[in-house]
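The values are calculated or read from the model by the stated rules, or taken from the named source; none is laboratory data. These figures come from a predicted structure and were not determined experimentally. Glycine also receives a Cβ, built like all others from the backbone with ideal geometry; neighbour counts cover every protein chain displayed.
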């Protein structure tokens with residue numbers, strides 16, 4: 001995560017991961033979730049915080065989840081069900097449950113089917129936000145599988161050269177196992193930046209870089225500036241000249257493989273909340289797993305050994321910084337903004353949940 005998003009060390013409040021996990025679990029239970037569902041939801045969120053994916057951890061996401069549960073916009077006790085099953089492919093109705101709850105079991109199903117058929121795909125529709133895509137694809141690594149996941153984000157993005165919000169944020173996650181090297185785990189929104197990171201900038205008072213967002217009339221903001229009150233998200237690439245048509249196409253790809261493939265419309269015409277795509281590929285169905293791991297190690301190590309450009313310290317690949325953050329935060333606690341701690345204190349009191357830190 002870029003330094004501009006991080007809570008300054010001098011004001012950060014460090015909380016042990018297990019203390020935050022227990023607090024979030026208790027808070028979800030107080031809002032009507034079962035203990036198992038609450039624990040699962042908390043696991044997704046603390047995973048993000050522990051690995052430095054702060055945009056999808058408790059700081060940004062808990063508020064919207066709490067509000068959605070209190071207002072009944074998501075089902076606190078969902079019972080997802082398979083509505084189509086061919087063996088390697090499945091479609092599930094998420095029963096309006098949080099994606100944090102109904103998503104991980106679907107990824108587990110994809111992994112189980114990949115073990116039987118070489119590949120497994122599960123689509124979950126009629127579900128809420130599912131957190132960091134990295135959490136779901138990470139699950140495949142323990143099974144010597146490649147994990148792929150996609151999700152429909154909020155319809156907040158304008159198409160290239162457009163001035164209307166017609167596209168989802170639509171993240172993609174991919175994980176691949178390695179041997180000695182840190183596993184490859186990629187997780188990114190196909191918008192120019194995750195919308196939640198704009199919330200982080202607002203919290204810490206940081207400026208937005210050029211080509212991340214557009215004014216309300218669709219004109220890209222091409223100089224570093226404070227976050228305006230009204231803005232439109234741009235596709236990955238920002239402008240046509242620097243590749244926004246690529247982000248535009250990837251956003252559409254995710255939409256096609258999630259809500260449209262589930263038969264629930266796309267973009268502004270979605271008919272059943274969010275949809276999530278989970279895929280597992282069993283490496284041994286394609287090649288020898290040890291050969292794959294050795295080849296991954298060779299490739300990843302060469303990237304790490306790449307000569308860095310002037311002014312740069314090193315070259316890394318997706319998964320390195322997250323692993324480093326996990327090691328540091330497991331030892332020293334997760335850093336939170338004081339305002340986040342105060343929100344937890346107020347919210348736990350208001351719903352009768354126990355604060356564990």
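For this structure, a couple of remarks:
- Residue match in the range 304-311 (condition: farther than 22 Å from residue 131 by Cα, outside any loop (DSSP other than H, G, I, E, B) and out of contact with any helix residue (DSSP H, G or I) (no Cβ under 6 Å at 6 or more places or on another chain)): yes
Here's the yes/no breakdown for (1) farther than 30 Å from residue 332 by Cβ; (2) free of Cβ contacts under 8 Å to residues at least 60 places away in the same chain:
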{"site": "59", "(1), (2)": "no, no"}
{"site": "63", "(1), (2)": "no, no"}
{"site": "76", "(1), (2)": "yes, yes"}
{"site": "80", "(1), (2)": "yes, yes"}
{"site": "84", "(1), (2)": "yes, yes"}
{"site": "105", "(1), (2)": "yes, yes"}
{"site": "115", "(1), (2)": "yes, no"}
{"site": "124", "(1), (2)": "yes, no"}
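- Annotation: residue 137 fulfils all but one of (1) at pLDDT 95 or above; (2) under 25 Å from residue 69 (Cα atoms); the unmet one is (2).
To keep it simple, each residue is scored yes or no on (1) closer than 19 Å to residue 48 by Cβ; (2) in contact with a helix residue (DSSP H, G or I) (Cβ under 8 Å, 6 or more places away or on another chain); (3) assigned to a strand (DSSP E or B).
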residue: 163; (1), (2), (3): no, no, no
residue: 178; (1), (2), (3): no, yes, no
residue: 181; (1), (2), (3): no, yes, no
residue: 193; (1), (2), (3): yes, no, no
residue: 197; (1), (2), (3): yes, yes, no
residue: 200; (1), (2), (3): yes, yes, no
residue: 203; (1), (2), (3): yes, yes, no
residue: 206; (1), (2), (3): no, yes, no
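- Some residue of the range 50-65 being over 19 Å from residue 131 (Cα atoms), surrounded by fewer than 18 Cβ atoms within 10 Å (Cβ to Cβ) and touching a helix residue (DSSP H, G or I) at 6+ places or on another chain (Cβ under 9 Å): no
- The number of residues in the range 318-345 that are surrounded by 19 or more Cβ atoms within 10 Å (Cβ to Cβ) and in contact with a strand residue (DSSP E or B) (Cβ under 6 Å, 6 or more places away or on another chain) comes to 4.
- Identity of the residue in the range 220-232, closer than 12 Å to residue 158 by Cβ and free of Cβ contacts under 8 Å to residues at least 40 places away in the same chain, that ends up surrounded by the most Cβ atoms within 10 Å (Cβ to Cβ): 220
- Where a residue in the range 292-303 is closer than 12 Å to residue 176 by Cα and its partner, wherever it lies, is at pLDDT 95 or above and surrounded by fewer than 14 Cβ atoms within 10 Å (Cβ to Cβ), with Cβ under 6 Å and at least six apart: 297/180
- Residues that are touching a helix residue (DSSP H, G or I) at 6+ places or on another chain (Cβ under 7 Å) and closer than 21 Å to residue 187 by Cα number at least 2 in the following strands (runs of 3 or more DSSP E) confined to the range 209-285: 274-282.
- Test for residue 175: is it in contact with a strand residue (DSSP E or B) (Cβ under 9 Å, 6 or more places away or on another chain) and surrounded by fewer than 19 Cβ atoms within 10 Å (Cβ to Cβ): no
- When the range 8-30 is filtered for residues that are touching a helix residue (DSSP H, G or I) at 6+ places or on another chain (Cβ under 7 Å) and crowded, with 19+ Cβ neighbours inside 10 Å, the ones remaining, listed by number, are 20, 21, 23, 24, 25, 27, 28, 29.
The rows are residues; the columns are (1) part of a strand (DSSP E or B); (2) touching a strand residue (DSSP E or B) at 6+ places or on another chain (Cβ under 7 Å); (3) farther than 23 Å from residue 186 by Cα.
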position	(1), (2), (3)
44	no, no, no
66	no, no, yes
110	no, yes, no
136	no, yes, no
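- Checking each residue in the range 29-43 for being under 17 Å from residue 349 (Cβ atoms) and free of Cβ contacts under 8 Å to residues at least 24 places away in the same chain picks out no residue at all.
- One residue stands out among those in the range 112-134 that are in a helix (DSSP H, G or I) and under 12 Å from the mean Cα position of the chain (by Cα): the one that is surrounded by the most Cβ atoms within 10 Å (Cβ to Cβ), which is 133.
- Residue match in the range 148-159 (condition: touching a helix residue (DSSP H, G or I) at 6+ places or on another chain (Cβ under 6 Å) and either farther than 19 Å from residue 270 by Cβ or assigned to a helix (DSSP H, G or I) (or both)): no
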